[in-house]
Amino acid sequence: MNIDFSTNKKYIAVIDFEATCSNDRTFPRDQMEIIEFACVVIDKQLTEIDRFATFVRPVRNSRLTKFCTELTSISQEQVDGAPEFEEVISQFNKQIIDKYDPLFTSWGRYDKSQLQMDCKYHKVNFPFNEEHLDIKRWLPQYLGFNKPKGIGGMIRYLGMQFEGTPHRGIDDVLNIIKILQKVEDNLPKSEKI
């Protein structure tokens, strides 16, 4: 049985962003910028169809803080050599949006608000409609949890191991898909998502 994302769309875009950040209030939250843009398009059988992953060169706070590089493992050299946001969105639209018109999903609401903020700042169109599935809140409700868990917490709850590096966009996306696959595989047919 196929996963039911409560959408008419044929494809699902699982997205995760990493952004400039500081733990010492060097710059405000509303000046954070995406530095890693990761997306895996899956179908309703949870099969990978396409992948888009790139670093993004920030322009407002172009120097990454020590906290940011330690949290994400993304280096200054990686973002210095990356395209700027406008080019990334253009490439993303051509490779993903125009071909698949997918449902936007992410682990939490942060990714949607960060993308909206970056689109507004760079004066580019937001690539999705308003439909968004917050897997962090949706999945625990379905499984009967009292509160949402982080990706790592959900991985541990399901008896799995996180693969890759936490707080790296593409690794987070691939682990979100693993979570969905594990839940789907272990439900009785009458209770499939």
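The values are calculated or read from the model by the stated rules, or taken from the named source; none is laboratory data. What you see is a predicted model; the values in this text were computed from it and never measured. A quick note on method: Cβ atoms are made from the backbone with ideal geometry, for glycine too, and the neighbour counts reach across all protein chains shown.
Observations on the structure shown:
- Candidates ILE35, ILE12, ILE49: the one that is in a strand (DSSP E or B), in contact with an Asp or Glu (Cβ under 7 Å, 6 or more places away or on another chain) and crowded, with 23+ Cβ neighbours inside 10 Å is ILE35.
- Checking SER113, SER106 one by one, the residue that is among the hydroxyl-bearing types (Ser, Thr, Tyr), crowded, with 18+ Cβ neighbours inside 10 Å and either touching a Pro at 6+ places or on another chain (Cβ under 7 Å) or closer than 30 Å to PRO148 by Cα (or both) is SER106 and no other.
- Helices (runs of 4 or more DSSP H) enclosed by the range 127-191 - at least 2 residues per element that are at pLDDT 85 or above, farther than 22 Å from VAL41 by Cβ and not charged (D, E, K, R): 151-157
- In the range 1-44, the qualifying residues are those that are over 19 Å from ASP172 (Cβ atoms) and of a type in the set (Gly, Ala, Ser), and the one that is modelled with the highest pLDDT is SER22.
- In summary, ALA82 fulfils each of the numbered conditions (1) of a type outside the set (Ser, Thr, Tyr); (2) modelled with pLDDT of 95 or more; (3) within 16 Å of the chain's Cα centre (by Cα); (4) buried (at least 19 other Cβ atoms within 10 Å of the Cβ) with the single exception of condition (3).
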